[in-house]
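Heads up: the structure comes next, in structure tokens.
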Amino acid sequence: MKITKNTHVMLLKGGFGSERDVSLRSAKACAEAIKENDLRVTEVDIGLNGINKLTSLNVDVCFNALHGKFGEDGTVQGFLNLIKIPYTHSGVTASAIAMNKMHFKRLITNATENSEDPIIFPKTLKITKDKFYHIRDYEGPCVIKPINGGSSVDVTIINNSKMEPLKKNRNYNELMAEVLVGTRELTVTVLKERPLCVTEITSNKKQDFYNYKAKYDQNGSSHIIPALIPKTIFDKAMSWALRAHQIIGCKGISRTDFRYDSNHNKLFMLELNTQPGMTETSLAPEQAMFCQITMKQMVKTLIEEATYEC
């Protein structure tokens, strides 16, 4: 959409789920950038005000700074479509697909398996129950994570899936298990059909992996940008991120996460985020800055890309 000095931006933030705090931090940074663009902004905390607030404001565009359920899974996108307010980030279908890691994995695998460069994911494992929950037909390290969710909330690494029973207090219908692959965490942001860079993330010594605390605590992790990896893997990560972004129909921005097995020089895609974090420790703004795109410019680009689907 075309931005003018009179453009009124509704900034959605907060929400109800486990990623509420991340959303509030993203929204704070985005609000400042919107104001730097000399645009009027009204902040709406969905968790406090409810959805009815969205219909009572006279706004031109919605900047979606929500994370997780409701804000990232296609729900709020569908509502904004109905009331015909242009919004940033991806629409209903892309949001819903990316939010469900199993659906995303199947779709991308099926779409690329017969191509010259098929996108590869870690092997999915079966969670089964006898006296305890176990991983079936696999012995070794694996990852248990929510099928729907982000920010590494409730992600657990199991060191030996045969010897170590899974915790009983979890709803395993909502979880998935994968073989733990590689040792190096990589990520690529795509902004307006342009993959920006590959970053390698290393967690500090107190973290087992790039978990919630490593992502959002100050000094919780180190970001190496650009990642010091072979050019073939660097280029593959950039290409795969753009392909996944385009296959599911993302809009504006996405960030795709990978694991790299340096011993076998093999790359694995993990997931795609349609609402990447915009906090002071977030990867997408950092990659943009590396490409000489300021937070102000990135937020302006997302608002200019805003549309609704009807």
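Each value in this text was obtained by applying a stated rule to the coordinates, not by laboratory testing. On a predicted model such as this, the values are computed, not experimentally measured, just so you know. Neighbour counts are summed over all protein chains in view; Cβ atoms, including those assigned to glycine, are modelled from backbone coordinates with ideal geometry.
So the values come out like this:
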read-out: Ranked list, fewest to most other Cβ atoms within 10 Å of each Cβ, for THR279, THR301, THR256; value: THR301, THR279, THR256
read-out: C-alpha center-to-center spacing [the range 74-94, the range 108-144] in angstrom; value: 31
read-out: The chain, dipole about Cα centre (Lys/Arg Cβ +1, Asp/Glu Cβ -1), debye to the nearest 20; value: 400
read-out: Relative contact order (%) - the range 52-130, alpha-carbon pairs under 8 angstrom, separation at least six; value: 22
read-out: Fewest-first ranking of MET102, MET1, using other Cβ atoms within 10 Å as the exposure measure; value: MET102, MET1
read-out: Calculated diffusion of the range 40-88, Stokes-Einstein form, Kirkwood radius summed over Cα pairs, 37 °C and 0.692 mPa s, µm²/s; value: 294
read-out: Largest to smallest principal axis extent of the C-alpha atoms in the range 256-310, angstrom; value: 43, 32, 17
read-out: Helix-only CD estimate at 222 nm, as mean residue ellipticity for the chain, using -39500 (n - 2.57) per DSSP H run (n ≥ 4); value: -8500 deg cm²/dmol
read-out: Spatial separation of Cα centroids for the range 1-69 and the range 263-305, in angstrom; value: 19
read-out: Among ASN81, ASN100, ASN58: highest mean-square fluctuation, GNM of the chain, C-alpha pairs under 10 Å; value: ASN58
read-out: Furthest towards positive pole of dipole, PRO195, PRO141, MET10, structure part the chain, Cβ charges; value: PRO141
